[in-house]
């Protein structure tokens, strides 16, 4: 259960800044310890992981602190929050988000040698103009906060889009995500209520107001892949007497079966939007800070594939069943791409029987 908003603003945010200042002050000492630890570690397990982690955490704290100070300043100059919903302040908040993600991405590049390669169709002429003047609904696999941040960073910094994200409410424990996310148009989904109709309505309402440079980001799986969630997803379909979909889900070992409610509601609510499907591979196992230390890949290329379905090719007038089959067909394509592009040192999932 999340603390109340007032507690998050008056306690969590200042605590993060204090911790950040303490970490910055101690960073030279921590860097020396990490360097010594790296030199003494076995070659196969070391690779200066401790030093890399210190560098990345330092980058994170600096970026987070700068964002929080800027957000506090925007709240004051907006008339203590009175004009935060106006267009100039919405633009400023997207700029804060872009700078925050730019710093984190650059930090990952410098400390871990991270590189991202996105494969997408080359667009020219009318197609390129349409890409720049039409809203998009982005349906992506869910593989942890790392891939999610990279996706939003790509939309903001590379494509100049204004992302609206359907995300878990627990992310509000991060002060900068909490403040920016609540000042901009987004939807927070509580895990225990993910299937409730209220969230579908919120997503549809968000989609209806998409502007030409907006991007609505939805993760239809609703959570990271785990063997347990994978099996429960298949059993859920069987319990709904959808053995056909359960069989298809069982042949998608990399993904959870998609929950269609929010995605199809958004597609219906914004007829002029193109739909983009996103697959990516490389950061699947990065969920916690411990995973960053133990599993974060070093000098690895994170690969992504984007498919664009233009608004006139999206089956909006089809029946719900036809739309559901269309969504599953795309999910099968994404699963196949992941299997073919999974990094060599990242084992394929092996769900228990």
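The values are calculated or read from the model by the stated rules, or taken from the named source; none is laboratory data. These numbers come from a predicted model, not from an experiment. All Cβ positions, even for glycine, are placed from backbone atoms using ideal geometry, and neighbour counts span all protein chains on display.
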>> Given the criteria free of Cβ contacts under 8 Å to residues at least 40 places away in the same chain, in a helix (DSSP H, G or I) and exposed (fewer than 14 other Cβ atoms within 10 Å of the Cβ), does residue 54 qualify?
In response: no
> Somewhere in region 219-230, is a residue free of Cβ contacts under 8 Å to residues at least 12 places away in the same chain and not in a loop (DSSP other than H, G, I, E, B)?
Replying inline: yes
>> Restricting to region 148-162, count the residues that are under 30 Å from residue 18 (Cβ atoms) and surrounded by 19 or more Cβ atoms within 10 Å (Cβ to Cβ).
In response: 5
> Does any residue of region 65-75 turn out to be over 30 Å from residue 214 (Cα atoms), part of a helix (DSSP H, G or I) and not assigned by TED's automatic domain parsing to the domain that holds residue 170?
Replying inline: no
>> Out of everything in region 86-113 that is without any contact (Cβ under 8 Å) to a residue 12 or more places away in the chain and touching a strand residue (DSSP E or B) at 6+ places or on another chain (Cβ under 9 Å), what residue ends up being nearest to residue 54 (Cα to Cα)?
In response: 109
